[in-house]
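The values are calculated or read from the model by the stated rules, or taken from the named source; none is laboratory data. The structure displayed is predicted, hence computed values, not measured ones. Quick reminder, even Gly has a Cβ in these numbers, built from the backbone with ideal geometry, and neighbours come from all protein chains shown. Calculation scope for accessible area: heavy atoms of the full protein, side chains included, ligands and nucleic acids excluded. Shrake-Rupley method; radii C 1.70, N 1.55, O 1.52, S 1.80 Å.
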Amino acid sequence: MRSQVLPMRLTRLALIATSSVGVLALGGCVDLSGPSPVNATAVVAQRTTLASGDSVQAVAIPASVTGAVISGQYITWQSSNPAVARVSSSGMIVAVGAGSTEITATTEGAAGQLNIAVTQ
């Protein structure tokens, strides 16, 4: 069995496998025209209240105007108050000092925010 990876955006789950017997395609729709513009970015984390020294991984979820999740996007991260919590380029939030801050994830100009509270 051989497989080929092509640059594409999946609008729904798609699986295509080829073998000497034929082609198997399971569900979905594949759009080879290129990435869809990001319309909104949601930001989520398991916890939004942290004690100083704690950390939590945030995840950015870019979506198109139709609400379809768009994967493979470059995300930039920023904290509005790094004295309260820092955020790494991968979305890892580290609580530094008491207070509150807004963590922002941006991709293709669409930004999403997550409020973080830090206690001592």
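Rank these residues by their accessible area, most exposed first, probe 1.4 Å: Ile61, Ile75, Ile103.
Ile61, Ile75, Ile103
Mind jotting down the three principal axis lengths of region 60-120 based on Cα atoms? Whole angstrom, largest first.
Principal extents (largest minus smallest coordinate, Cα): 41, 18, 14 Å.
Within region 76-98, name every residue whose backbone N is under 13 Å away from a label modeled 7 Å from Cα of Gln120 along the Cβ vector.
97-98
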